[in-house]
Structures are given as C-alpha cells and as structure tokens.
Protein chains: 2
Amino acid sequence: MKAKEENTELEILNAAKEVFQEKGMAGSRMQEIADKARINKSMLHYYYRSKQLLFEAVFKNAFRLLAPQLNKVLNDDSELFDKIRNFTNNYISFVIGHPYLPNFVIQELNKNPDFIEKLRVEKDFPRIEKFKAQVEDAITRGIIKPIRAEQLFINIMSLNIFPFIAAPLLQGLINVEEKEYRELMERRKTEVADFIINSIRL
Amino acid sequence: MKAKEENTELEILNAAKEVFQEKGMAGSRMQEIADKARINKSMLHYYYRSKQLLFEAVFKNAFRLLAPQLNKVLNDDSELFDKIRNFTNNYISFVIGHPYLPNFVIQELNKNPDFIEKLRVEKDFPRIEKFKAQVEDAITRGIIKPIRAEQLFINIMSLNIFPFIAAPLLQGLINVEEKEYRELMERRKTEVADFIINSIRL
DNA sequence: ATACGGTTCAACCATTTGGTTGACAAATAT
DNA sequence: ATATTTGTCAACCAAATGGTTGAACCGTAT
C-alpha cells in the first residue's frame, strides 16, 4: 500500500500548504485542511500528530523553496551586476508560482523569531560571507561606490520582495487595478536591477 | 460618569491595539485583551459589540496613524530630494514608536484586500497625483532620470518599510544580533535617501 | 483461507472561544 | 429622595476546534 500512503501524506501536505500560507497558523483550521485534501480529519493527526507539527512541516518546506532564491544573491558565482540583474529578473517568476510563500515565511518568523536558529543549521541556509567579500572586492576595484554588503543586500531584498508583500496596500495607494499592478511588477524585472546598479555604479 | 466611560473605552482600545497588532485578528483572544485592559470580558462587548468591530476600530486607528507618514512622500510641498531625505529620516523614528503598526496594516489588508476601498473615502487617504506631477516635472527639468512616479514611490516604500517587516528574517540572513541590526537601521536614516537619490539624479 | 500491519473513518471528547444574561452598583435626572 | 439611565461583573451558553478512539477495511505475506 506504499503508493497510497505517500499519496495521502503528500495530499495533506499540499492542502496544508495552501491553507497555512494563505491564512497563517492561527487563522487555519484542521477541518479546512482535511476538506481540501479530501480526507477525514483523523488522517491529519495520523500522519502529522498535531497542528503544530503539520505546520512545521509546511514551514520547513516553504523555507527550503525560498532559500535557493536568496542564495542566488548570496552564493552564486556570477559577477555582481549580473547577479543583481538575474535575481531581480528571476524572483518575480518565482513569486508568481508561489504567491503566498515569501510573506508566509516572513510572518511566521515574526511571530516566532527563534525559529530562524533552527533553520540556520540546515545545509543550504543562505550565508552572507561570500556576497560580502564580493561587494568589498568590487569596491576595492573601483567598480562600485562604498556600501556595506549588508545594506546592499537589504536593499535588493526590499526592492524585490516588498512590492508583493504589500501589494494590496500599494495598489490602493497608487490607485491601480490588479492588472495594471501586475504590469508594473513585470516592468520591475529589469527596472529594479537598473535602479540598484545606477545607484552603486561608479 | 463621563470620565470613567471614556477611560474604560480608551483602555480597551489601547489593550486591543497591543494584542491585535502583535498577534493579528485570528491570533488574538478577547480574554487577553480584557486582561490587558484590566476589565471584564463583558465590557469589550458592551463598548464594541463584537471582536470584528473592536478590530476594525483598532485597524482604522492604525491606518490614521500611518496615512500621514505616507503623505509626507505623496503630498508634502518640499522639493523632491528633500522629501526623500525627510521621509527616510522620519520613518524610522515613527516605526520605533509603533513597531508592529506597518506590518499590521499590510497583513490585515492582505487578508481583506477590499478593505482598502473603505479607507479610500476617508479624508487624508494618501493620493499619488501630486507626487506624480512633481516627479514628471523633475524629469522635464532634467533633474532626475526618467522613471515612473509609481515605481519610484514603490521603491521608496520598499527600502524604508521592508527592513522592519522582515527584521527577523534579515537579521538571520545577515547574521547579526538585534543590537547590531538596530545600528544598521539607524544608518539607513541617511543611507537609504542617498541610495535612492544616487540612482535617479542626473 | 487466515492472520497481520498499515490505513481510513464516524463518533466522541475536552477545552477554548466569542458572545449573552441578569443582577447589582454608581451616576444622573426628576 | 426617587426614578432612570449607564457601567460593571460573575455565571452561563452554544459553537467551534484540536485531538482521540475503536471498529472496519484492505492489501499482502504465510
């Protein structure tokens, strides 16, 4: 019965992902997850024991998906400007495939900041050292203006992630419909990289 | 009994603010709000009828506090570069006084995007028109490179707001303690403005 | 055929949670 | 002084919610 088992388990994880990522831990109901997975509520506990454990499974999965994205900035071998262009261009496609994911990770990390320590031990946890060296090297070689790698990294993340996290607010403020907002995001694929590079290039 | 009445009502609103902003609508408990306000749970319903209405009171209050901040970018009379510098410098002080507020507004707007329409009718709802004209004027006069006002606005918001919303994640990624992260934020008061202006200045 | 391990579910259970009620106290109006 | 309105609370209530249980089911090894 191996096939069935893995199937149900995955079905649950998938349903849980959708519900948790959209409504957060506190706003999600086990019954809703069960319904979405088309199984009995008991099955959730049979496979994952408790809401907390099911949540953690979903969260870790989400982070494992997000981490490689961040590593494209921190641990990729490409040259600095290419890296910025690539990440910016790639990230939007990633978000379209996983619209709730980045916000989900950020929110639940806000509610439980200690959890980041548990993630850090996992392999592929993004580390800044390499990026830091790269930025410092580019400064020494006179390619970019002096800037702390941490600040540049925060800027890159901010410009790429925030417009999706705050979409409803921003949409309301600049007073555009969803369609036009998506077009704005589409243009950001190249514009954000230019904006960043313009700012730091010597 | 006027004084007592207003007192209790405010006490409740204040306690509700703390709880709702930290835990969100779904994660908050009426009992916890009552405890924090040092009153009986019945009083919450006496003054605000339901959790939903109490929440909406808190939310509208929060937005009324946030709106003037955004208007410093959108509807202030100062010159573009000054405006960017002022906002950036000001915003961090605002966030220190209201650490959970921006994220609270953004999150609840995410869970209920239609709510923005109800806010738009309120006076002082931030509007982009003036800022748009100002940016277009600066482009025409050859002061800044061509850029859509919407994109510039999104960039300003992103660079200022995101580092606080995603603090635990970013702190973990760049691997610094809270204290050092606060110092990074402190430096951003001037650095972010420079970063933006560098990018758009001709 | 039969025993056995994992899988599935309907029915339950205990607790939590938002909300109500009725009695009483404290102001205010008459 | 007395009636009336307003504020406060302990005790309740019904529904929702996370979790448990025991029986049935099903594929497989013996």
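The values are calculated or read from the model by the stated rules, or taken from the named source; none is laboratory data. Bear in mind that the values here come from a model prediction, so they are computed numbers and not experimental data. Cβ coordinates were reconstructed from backbone atoms using ideal geometry, including for glycine residues, and neighbour counts include every protein chain displayed.
What the table shows:
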read-out	value
Those residues of segment B:160-185 which are of a type in the set (A, V, I, L, M, F, W, C) and either outside any helix (DSSP H, G or I) or touching a residue at least 40 places away in the same chain (Cβ under 8 Å) (or both), in sequence order	B:Ile161, B:Phe164, B:Ile165, B:Ala166, B:Val176, B:Met185
Matching residues in segment A:137-159 - criterion: being closer than 25 Å to B:Phe153 by Cα and part of a helix (DSSP H, G or I)	A:Ala149, A:Glu150, A:Gln151, A:Leu152, A:Phe153, A:Ile154, A:Asn155, A:Ile156, A:Met157, A:Ser158, A:Leu159
Count of residues meeting criterion [farther than 28 Å from B:Ile96 by Cα and within 12 Å of another protein chain (Cβ to nearest Cβ)] in segment B:122-134	2
All positions within segment A:123-136 that are free of Cβ contacts under 8 Å to residues at least 60 places away in the same chain and either in a loop (DSSP other than H, G, I, E, B) or within 19 Å of B:Ile196 (Cα to Cα) (or both)	A:Lys123, A:Phe125, A:Pro126, A:Arg127, A:Ile128, A:Val135
Residues (of a type in the set (Phe, Trp, Tyr) and within 30 Å of B:Thr140 (Cβ to Cβ)) located in segment B:65-113	B:Phe81, B:Phe87, B:Tyr91
Residue check, B:Leu44 within 16 Å of DNA strand C (Cβ to nearest atom), over 15 Å from the mean Cα position of the chain (by Cα), surrounded by 18 or more Cβ atoms within 10 Å (Cβ to Cβ) and more than 13 Å from chain A (Cβ to nearest Cβ)	yes
Contacts under 8 angstrom Cβ, first residue in segment A:57-76 being of a type in the set (S, T, N, Q), partner part of a loop (DSSP other than H, G, I, E, B), 6 or more apart	A:Asn71/A:Asp124; A:Asn71/A:Pro126; A:Asn75/A:Pro126; A:Asn75/A:Arg127
Among residues of segment B:71-121, those that are β-branched (Val, Ile, Thr) and within 8 Å of another protein chain (Cβ to nearest Cβ), counted	3
Which listed residue, of B:Ile144, B:Ile139, is of a type in the set (A, V, I, L, M, F, W, C) and without any contact (Cβ under 8 Å) to a residue 40 or more places away in the chain	B:Ile139
Helices (runs of 4 or more DSSP H) wholly inside segment A:1-99 containing at least 2 residues that are away from DNA strand D (no atom under 11 Å from the Cβ) and of a type outside the set (D, E, K, R)	A:2-27, A:51-74, A:80-97
Qualifying position, being in contact with a strand residue (DSSP E or B) (Cβ under 6 Å, 6 or more places away or on another chain) and either at pLDDT 95 or above or of a type in the set (S, T, N, Q) (or both), among A:Ala149, A:Ala166, A:Ala193, A:Ala138	A:Ala138
Single condition A:Ser28 does not satisfy, out of (1) within 13 Å of DNA strand C (Cβ to nearest atom); (2) surrounded by 16 or more Cβ atoms within 10 Å (Cβ to Cβ); (3) under 25 Å from A:Asn112 (Cα atoms); (4) of a type in the set (S, T, N, Q)	(1)
Any hit, segment B:97-104, residues being aliphatic (A, V, I, L, M), under 25 Å from A:Phe104 (Cα atoms) and touching a residue at least 24 places away in the same chain (Cβ under 8 Å)	yes
Some residue of segment B:186-199 being more than 7 Å from every other protein chain (Cβ to nearest Cβ), buried (at least 16 other Cβ atoms within 10 Å of the Cβ) and in a loop (DSSP other than H, G, I, E, B)	no
Flag for A:Glu117 being in a helix (DSSP H, G or I), within 23 Å of A:Asn89 (Cα to Cα) and not β-branched (Val, Ile, Thr)	no
Any hit, segment B:141-161, residues being at positive phi and more than 9 Å from every other protein chain (Cβ to nearest Cβ)	yes
Residue match in segment A:71-78 (condition: closer than 30 Å to A:Ile156 by Cβ and exposed (fewer than 15 other Cβ atoms within 10 Å of the Cβ))	yes
